[in-house]
Amino acid sequence: MPAPTAPRLSAGIPPQSLASALVIFAEQTGLQYGFQGDIEARQSRGARAGATPAQALTQLLECTGLTFVFVNPRTIGIYRASLMEEAVAGTCGSAARHGMGSTEQSWYRSLVMATQLPLTRPASDRPGANGA
């Protein structure tokens with residue numbers, strides 16, 4: 001499902017609990033969200049003003065172990081990212097929090113690099129895409 005054409009964030013969302021950050025996100029964009037699992041204990045690093053809904057969600061969910069999908073033009077589903085995605089991202093240590101040791105993390109990163117699977121970003125966002 002393509003990302004909706006909802007408004008960009010009119011104001012930044014500061015770092016805070018993920019639950020509070022998502023309420024602000026919904027108020028600013030008019031989008032609704034559903035989630036699987038517990039978000040109460042997770043912290044968000046916030047999102048920058050002017051971000052599209054997809055950019056804002058990516059920023060809000062960074063290092064939470066969660067990811068999202070647009071279910072329809074007005075609704076976002078938030079769910080736990082796979083351990084593979086978390087290991088590939090590797091910047092937040094989330095794989096280690098889920099019991100994945102450094103050897104396993106290295107193995108997953110090597111596997112992804114060898115197969116060149118775009119697990120964390122769409123191909124258009126990868127360096128070198130579109131002649132960039």
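Every number in this text was worked out from the coordinates using simple rules, so none of it is lab data. Remember, it's a predicted structure, so these values are computed and weren't measured experimentally. All Cβ positions, even for glycine, are placed from backbone atoms using ideal geometry, and neighbour counts span all protein chains on display.
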- Message: How much of the pair distance distribution for segment 16-80 lies past 16 Å, counting alpha-carbon pairs only, in percent?
- Response: 36
- Query: In nm, to one decimal, how far is the modelled label at residue 75 from the one at residue 62, with both set 7 Å along Cα→Cβ?
  - Reply: 2.9
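Sort 75, 58 by Cβ crowding within 10 Å, fewest neighbours at the top.
In order of increasing Cβ crowding within 10 Å: 75, 58.
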